[in-house]
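The values are calculated or read from the model by the stated rules, or taken from the named source; none is laboratory data. Remember, it's a predicted structure, so these values are computed and weren't measured experimentally. Please note: Cβ atoms are built from the backbone with ideal geometry, for glycine as well, and neighbour counts cover all protein chains shown. With ligands, DNA and RNA removed, areas are computed over all heavy atoms of the protein, side chains included. Shrake-Rupley method; radii C 1.70, N 1.55, O 1.52, S 1.80 Å.
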Amino acid sequence: MGDLTETSDSDSIQSGPTALRLLVGAQLRRLRESRGITREDAGYAIRGSHSKISRMESGRTSFKTRDVADLLTLYGVTNEAQRASMLALVEQANAPSWWHDYRDVIPDWFEPYLGLEQDAVLIRTHEVQFVPGLLQTEDYARAVIVQGHERDSAERIERRVEVRMRRQQILAPPKPRKLWAVMDEAALHRRVGSEAIMRAQLGHLTKLAQQPHITLQVFPFSSGTAIGGVGPVTILRFTQTELNDVVYLEHLTGAQFLTKETDVHRYQHLMNELSVHALPPADTPALLRRIIESR
């Protein structure tokens, strides 16, 4: 189905707020460093601290137009057209996202991931226990969410399900993201919800595996290669060449985002190893059908 690691103009996706924050932050960092200005001095200029500058440059916070304007002045950016272009990006980056209305059921640490997922052109993911969230049916998602939030009210459960289903829109036309998922075979056998829910989920995966923008591989029980200590991993790639890949590692009560080139490279190598030792994508539909028939 082609090399999913390559992007082209036809894959271009309009930048969302998270990607724009990363772009603005990266540009501010380059301007500061080109002028030899420390984060401490930059923070002082905007009545803040060096840590605030660090958060701005890493795209981990929203921007105040006044702060960016003052920094541009400090960095010697006097061209009105250049200033106007940057400040327009700031305004777009601060626009509320669709999940803003669901913040009551979205952990603070998960919000950045939603933005990155929304803006990515390629998502590579490895799952061990469950079917990846972007590939779950509504009933399967509900069963997983109930299992993890037993004390939640029925209303909050449904709102969490809505978020998961809304996330899946990035795989829909007209410009679907490319998804490359490697699942451990255990996730296909582990019963989640009722038997009917599992059969429907496996059938759903069978259809998705034949979509041109989705690569689905299974790491089988029969594999003689053990790649130990590997939990859920997601790597996100963006169309903007200024943005590096981001590795997302989710934990029980939080998440970790890796952007350092050496860290990212290690996980890229890991994902490549998993995909090499997993069954070829062309074998996935037949495997899924065998599992369905054996249930």
Of the residues in the stretch 55-70, how many are assigned to a helix (DSSP H, G or I), open to solvent by less than 40 Å² (accessible area, probe 1.4 Å) and either over 26 Å from residue 116 (Cα atoms) or not aliphatic (A, V, I, L, M) (or both)?
2
Considering every residue within the stretch 156-171, establish whether at least one is in a helix (DSSP H, G or I), of a type in the set (S, T, N, Q) and crowded, with 18+ Cβ neighbours inside 10 Å.
no
Name the single residue, out of those in the stretch 87-117 being surrounded by fewer than 13 Cβ atoms within 10 Å (Cβ to Cβ) and assigned to a loop (DSSP other than H, G, I, E, B), that is modelled with the highest pLDDT.
104
From the options 181, 196, 141, 186, residue that is without any contact (Cβ under 8 Å) to a residue 60 or more places away in the chain, assigned to a helix (DSSP H, G or I) and crowded, with 20+ Cβ neighbours inside 10 Å
141
Of 284, 262, which residue is part of a helix (DSSP H, G or I), open to solvent by less than 30 Å² (accessible area, probe 1.4 Å) and among the β-branched types (Val, Ile, Thr)?
284
